[in-house]
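Chemist: Structure below; questions to follow.
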Amino acid sequence: MTKTGNTLEKSLKRLVILLGLLIFSPIFLNVAFKALRIYKTAPKIYIAYILLVLSILLILYAVYFGFKTFKSILDAIFNK
């Protein structure tokens, strides 16, 4: 397979990973907000806050990974 084919194949795999991130990161954020609403005692509320921070970081990483993925797809299509 040529270099362009390899690059395009890797880019499409990254696109599938990106779709998974775009699906699961808002779900985790939703779960975190529900946990904050439900739990009021000390040990469980800390877990809810940790889950909230992790889900926000996951969403930010999904946006960053999206830019990188689309850049690599464009580079593969236009042979950069």
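Chemist: If we count every other residue with Cβ under 15 angstrom of K44's Cβ, Lys/Arg +1 and Asp/Glu -1, where does the sum land?
Modeler: My count for the surroundings of K44 gives +3.
Chemist: If you work out log10 I(q)/I(0) by the Debye sum over Cα atoms at q = 0.12, 0.19, 0.26 Å⁻¹ from the coordinates, which of [x] -0.62, -0.91, -1.14; [y] -0.47, -0.77, -1.07; [z] -0.32, -0.78, -1.30 do you get?
Modeler: Identified label for the calculated read-out: [y].
Chemist: Follow-up. For the chain, what number of Lys pairs, 8 or more residues apart or on separate chains, have alpha-carbon atoms under 13 Å from each other?
Modeler: Number of lysine pairs found: 6.
None of the figures in this text is laboratory data; all of them are computed from the coordinates on show. Predicted model, so just to flag it, every value in this text is computed and none were measured. Don't worry about glycine lacking a Cβ; one is built from the backbone with ideal geometry, like all the others, and counts go over all protein chains shown.
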